[in-house]
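Everything below concerns the one structure shown next.
No value in this document is a laboratory result; all are computed from the given coordinates. None of these values were measured; they are calculated from a predicted model. Heads up, the Cβs are rebuilt from the backbone with ideal geometry, glycines too, and the neighbour counts pull from every protein chain shown.
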């Protein structure tokens, strides 16, 4: 049972295939996840490096409260220089590895270097006895589910896994990093955005196996206060509306109403197939096919993840989320959630971001390269990716690459990353987030679903959301728990038996953004590079284009005075 | 008058207004009043058959409403909250 005073970090040198354990710097104690990743990359990664070369640094960092008894707090951040955006990137995910690393007292894994043999594959084993790099050539190009089934046989039942699918091994820039969930240890959770799977693949790292053995939860410094916080927070949540009890897929009809269930490469904001893509249909299927809502990590009280079965009652995928139903569904004019479930599984198998992949396929369709709504054609296309066809590789490299491959003009993106479901034309403050976030177009960086804002409110609403989400993504709490800055600083205070002020927590969020912006600037990216692409400036949805001027956008880079609502605002992504 | 608290996703028709005072003896009458004042609000909360859309949870003075929610009687000063989920995943 590690406690905060015993924290360690792992350094991995993939050039020589060695791994060592060091003490975790005490001054970083309140940094985890995204903020810790930004700090390490700022200090140890050359921003001008080739993202797929030996000088990039891959960071795997659980949140500050991960591994404790705090509810829904086991998120893990994957960080590095993105091969998709050319800037810094953090993508986080649930599953078990974050909890397991922290139960072992491991605050972060920092992976550097690259094997001289690009065909060699390695695994990293982490357990109570230490850490070591092992040969993994036998797992080369295995899809994620087959890989994990094999790893289940090689490691104890208590182990969880972080894996790189074939897309990552092929260094495709839409590649994700997978983690295994709690029930069946399936690789169904993904740190999806920004192509960090390609960074993992470029280092020859096929998997990380984390076995906590009999390690217990982390001991807070003030156990009584921490325990009371856990109890009160859980009770309040469970007595509240529990809006994610049926998962994010239940958002489909509301998004359609708000003109952000984008259709046919975002030329429209509403889909005629809203009823058949609605997550309610998935919940209804539980009765006849099996499947259920579940928690992807131990200690989660949100349970937003659906386990989806096929018509024969067999497991198909988990979780089928709103973003996937939109990008691989309505945006490609696919009408059936069951077809989207198939494609979600294929993306999980290959290790691909469903948002980037859906955006790319919609561009192929818009260019005439595939019929709208051709689900069978999409399945064939996805299965081509690890066969290495030119078309498959273009899709695997994302929207901008597919735009180049097809020569098509309509390529919605920001900083080289395709736009998530939430559209910046009806939701302009979210568009400000896409333009200014160091992450590029990423709704989890600061989602503002408020079409009633005036232009003078965009920057504060986006900045507030970006700060709250940056802190949340550093804490280990899931955004769907919707913790506020006050909630998070109270947990930190009890964990370390020290007071964490509002000013401190506000500063932490802002500092994270500043570290990331500085990295991007040093990488050669400008504020203008982040502006939304032409398609979003010229093609309207519901009569609206994205037209927020640069002088408004640039106000984001000044820290605004904290308004009272900052500390009660809920994380939302 | 009862007060209808408008959550951020529904503030397009209200032009950003976060709460609306409106006359009405029931929730349905109040929602019709909001629609009269801010056209376009009604379809956000009511479906084509006039029933409540399913993706919101309704509260009166902090208490969750169940059953025939639209027929809920309201008194002057009652506060109605609409809680709806927005997330990407």
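Taking N as the number of residues in segment A:428-568, what is its alpha-carbon radius of gyration divided by 2.2 N^0.38 Å?
Working: Rg = 15.8 Å, N = 141, 2.2 N^0.38 = 14.4 Å.
Expressed relative to 2.2 N^0.38 Å, the Cα Rg reads 1.09.
Rounded to the nearest 0.05, the FRET efficiency derived from the C-beta distance between residue A:539 and residue A:44 at R0 = 35 Å is 0.25.
For the peptides A:10-23, A:351-364, A:449-462, what is the packing order when you average, over each peptide's residues, the other Cβ atoms within 10 Å and list the highest mean first? Provide the component values of the computation, followed by the final result.
Working: A:10-23: 15.9, A:351-364: 31.4, A:449-462: 19.6.
Ranked by mean Cβ neighbours within 10 Å, highest first: A:351-364, A:449-462, A:10-23.
The label point for residue A:379 and the one for residue A:284, both projected 7 Å from the Cα toward the Cβ, are 2.2 nm apart.
Ordering of A:425-432, A:146-153 by packing is A:425-432, A:146-153, highest average first (other Cβ atoms within 10 Å, averaged per residue).
The sum of -39500 (n - 2.57) across all DSSP H runs of n ≥ 4, divided by the residue count of the protein assembly as shown, sets its helix-only mean residue ellipticity at 222 nm to -9500 deg cm²/dmol. Points 7 angstrom from Cα along the Cβ direction at residue A:497 and residue A:16: gap in nanometres? Reported label-point gap for residue A:497 and residue A:16 is 4.0 nm.
Entry note: segment A:352-418 has Rg to Rh equal to 0.92, where both radii use alpha-carbon atoms and Rh is the Kirkwood radius.
Ratio to report: Rg/Rh of chain B, with Cα atoms as the point set and Rh obtained by the Kirkwood method; give two decimals. Don't skip to the end; give the middle numbers.
Values: Rg = 12.1 Å, Rh = 13.0 Å.
Here the Rg-to-Rh quotient is 0.93.
Computed over segment A:357-464, the alpha-carbon pair-distance distribution with 10 angstrom bins reads 16, 38, 26, 16, 4, each value a whole percent. Computed from the Kirkwood radius of its Cα pairs, the Stokes-Einstein diffusion coefficient for segment A:243-415 at 4 °C and 1.567 mPa s stands at 80 µm²/s. Summarising the label geometry, the points placed 7 Å from Cα in the beta-carbon direction at residue A:27 and residue A:135 lie 4.3 nm from one another.
When you have a sec, figure out the Kirkwood radius of segment A:4-211 from all distinct Cα pair distances and drop it here in Å to one decimal?
Values: mean 1/r = 0.0613 Å⁻¹.
For segment A:4-211, the Kirkwood estimate is 16.3 Å.
Under 18 Å from a point placed 7 Å out from the Cα of residue A:128 along the Cα-to-Cβ direction: which residues of segment A:209-250 have their backbone N that close? Backbone N within reach: A:209-219.
Please work out the Cα convex hull volume for the protein assembly as shown and give it in Å³ per residue. Don't skip to the answer; put the middle values down first.
Values: hull volume 92.4 nm³, N = 662.
Residue-normalised Cα hull volume stands at 140 Å³.
Say R0 is 51 Å: what FRET efficiency, to the nearest 0.05, do residue A:146 and residue B:36 get from their beta-carbon distance? FRET efficiency, residue A:146 to residue B:36: 0.25.
Rounded to the nearest 0.05, what FRET efficiency do residue A:387 and residue A:528 have when you use their Cβ-Cβ distance and R0 = 35 Å? Walk me through the intermediate numbers first.
Details: r = 38 Å, r/R0 = 1.10.
Once the sixth-power term is evaluated, E becomes 0.35.
Shielding of peptide B:5-17 by partners, expressed as the average count of other chain Cβ atoms within 10 Å per residue Cβ, is 5.
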